[in-house]
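Visitor: The following block contains the structure, expressed as structure tokens.
The values are calculated or read from the model by the stated rules, or taken from the named source; none is laboratory data. Treat the numbers as computed from the prediction; the structure is a model and nothing was measured. Here the Cβ positions follow ideal geometry from the backbone for every residue, glycine too, while neighbour counts run over all protein chains shown.
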């Protein structure tokens with residue numbers, strides 16, 4: 001029963017993909033089926049729409065989401081009416097999405113459902129907190145498209161990463177792209193005291209001095225940083241970027257003479273919108289990167305088939321990826337058939 005026991009160590013889980021059609025719904029169905037057999041109560045929701053029968057881009061058939069007796073789920077009014085299962089409503093959120101209010105229900109008799117959930121990560125966090133207060137041991141969030149933001153440790157406790165031929169039909173490129181994301185996920189976390197000091201800061205660039213004191217650099221966004229901001233190191237060489245970080249900031253820091261002394265702190269890996277080449281140069285020149293919170297990567301799953309018809313050899317791809325990542329990699333569709 002690959003990685004299910006690891007999931008049960010956490011209260012919330014996100015399933016995210018590097019690209020569309022990397023097998024997120026297959027992963028979700030595998031997990032839900034195993035949890036049902038184990039008698040584990042859980043709640044399921046989504047950002048965006050997930051569980052549709054046909055891919056909106058490629059027109060190909062997609063696996064529908066299957067829920068089982070006693071599972072809780074959240075979806076929009078529109079898709080609740082279209083459900084192919086028997087359920088009882090437990091709550092209706094008065095806040096509206098483009099598809100109507102969000103309905104929370106418990107499954108009475110299992111079947112298929114379309115999930116369309118929270119319109120923002122803030123709303124999603126409140127839903128997860130609500131399930132925790134009800135004593136639900138696990139909430140699973142299925143992400144629409146490739147929204148890595150759901151994997152932020154500020155949203156969910158753990159994550160499953162889905163990759164596959166849809167990322168690249170070339171195995172070496174697939175390995176390279178997946179390995180880079182896994183490296184970002186594994187970036188070292190700062191010590192607890194610094195987490196506490198920086199955790200409440202929402203925007204801008206900040207400096208941390210040798211005593212751990214935090215100083216506002218009065219630069220609202222890293223995108224406003226330029227060569228004229230030559231005083232950002234006046235308090236020290238540890239810099240915290242509260243928002244998104246792009247190649248621009250890493251290039252700027254890597255160009256500094258004191259790069260070997262510089263440590264850049266970001267909130268978590270989902271705030272990094274950087275390319276492998278720029279990150280490699282930053283590291284090669286001696287720069288350090290840390291996160292306030294590191295995401296818990298529970299499993300990497302592989303979909304060897306792409307919607308364009310490319311097929312990777314499942315065994316070869318899983319082994320090659322596992323060797324590169326130093327992590328187990330699962331083709332859950334194949335595992336599910338074997339169990």
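Visitor: Considering only residues of segment 127-170 that are outside any loop (DSSP other than H, G, I, E, B) and modelled with pLDDT under 90, which is surrounded by the most Cβ atoms within 10 Å (Cβ to Cβ)?
Guide: Only one residue fits best here, namely 142.
Visitor: Filter segment 273-297 down to residues that are surrounded by 21 or more Cβ atoms within 10 Å (Cβ to Cβ) and part of a strand (DSSP E or B) and give me whichever is nearest to the chain's Cα centre (by Cα).
Guide: Out of the qualifying residues, it is 291.
Visitor: Something else about it: Step by step: first the residues of segment 288-339, then only those that are modelled with pLDDT under 90 and touching a helix residue (DSSP H, G or I) at 6+ places or on another chain (Cβ under 9 Å), then the one that is farthest from residue 268 (Cα to Cα). Which residue is that?
Guide: 339
Visitor: Let me ask something else. For residues in segment 184-196 being over 14 Å from residue 264 (Cα atoms) and either touching a residue at least 40 places away in the same chain (Cβ under 8 Å) or in contact with a helix residue (DSSP H, G or I) (Cβ under 8 Å, 6 or more places away or on another chain) (or both), which is surrounded by the most Cβ atoms within 10 Å (Cβ to Cβ)?
Guide: For segment 184-196, the residue satisfying everything is 185.
Visitor: Those residues that are more than 19 Å from the chain's Cα centre (by Cα) and modelled with pLDDT under 90, I need them from segment 1-49; list them, please.
Guide: 1, 2
Visitor: Any residue in segment 107-116 that is outside any strand (DSSP E or B), under 22 Å from the mean Cα position of the chain (by Cα), modelled with pLDDT of 90 or more and farther than 20 Å from residue 41 by Cβ?
Guide: Yes: segment 107-116 contains one or more residues that are outside any strand (DSSP E or B), under 22 Å from the mean Cα position of the chain (by Cα), modelled with pLDDT of 90 or more and farther than 20 Å from residue 41 by Cβ.
Visitor: Another question about this same structure. Report whether or not residue 175 is outside any loop (DSSP other than H, G, I, E, B), buried (at least 16 other Cβ atoms within 10 Å of the Cβ), at pLDDT 95 or above and touching a helix residue (DSSP H, G or I) at 6+ places or on another chain (Cβ under 9 Å).
Guide: In short, yes.
Visitor: Within segment 304-315, restricting attention to residues that are touching a strand residue (DSSP E or B) at 6+ places or on another chain (Cβ under 9 Å) and not in a strand (DSSP E or B), which residue is surrounded by the fewest Cβ atoms within 10 Å (Cβ to Cβ)?
Guide: 314
Visitor: Any residue that is touching a helix residue (DSSP H, G or I) at 6+ places or on another chain (Cβ under 9 Å), part of a strand (DSSP E or B) and either surrounded by 14 or more Cβ atoms within 10 Å (Cβ to Cβ) or without any contact (Cβ under 8 Å) to a residue 60 or more places away in the chain (or both) - is there at least one of those in segment 78-86?
Guide: Scanning segment 78-86 turns up no residue that is touching a helix residue (DSSP H, G or I) at 6+ places or on another chain (Cβ under 9 Å), part of a strand (DSSP E or B) and either surrounded by 14 or more Cβ atoms within 10 Å (Cβ to Cβ) or without any contact (Cβ under 8 Å) to a residue 60 or more places away in the chain (or both).
Visitor: Follow-up question, since we're still on this one. Sort through 87, 120 and tell me the only one that's assigned by TED's automatic domain parsing to the domain that holds residue 45 and at pLDDT below 90.
Guide: Answer to the selection: 120.
Visitor: Filter segment 321-337 down to the residues that are assigned to a loop (DSSP other than H, G, I, E, B) and either at negative phi or touching a residue at least 60 places away in the same chain (Cβ under 8 Å) (or both) and list them by number.
Guide: Result: 327, 328, 331.
Visitor: Hey, can you tell me all the residues within segment 201-224 that are at pLDDT below 90, under 14 Å from residue 266 (Cβ atoms) and touching a helix residue (DSSP H, G or I) at 6+ places or on another chain (Cβ under 9 Å)?
Guide: Passing the criteria: only 222.
Visitor: Only one of these is without any contact (Cβ under 8 Å) to a residue 24 or more places away in the chain and surrounded by 17 or more Cβ atoms within 10 Å (Cβ to Cβ): 318, 301. Name it.
Guide: Going through 318, 301 in turn, just one is without any contact (Cβ under 8 Å) to a residue 24 or more places away in the chain and surrounded by 17 or more Cβ atoms within 10 Å (Cβ to Cβ): 318.
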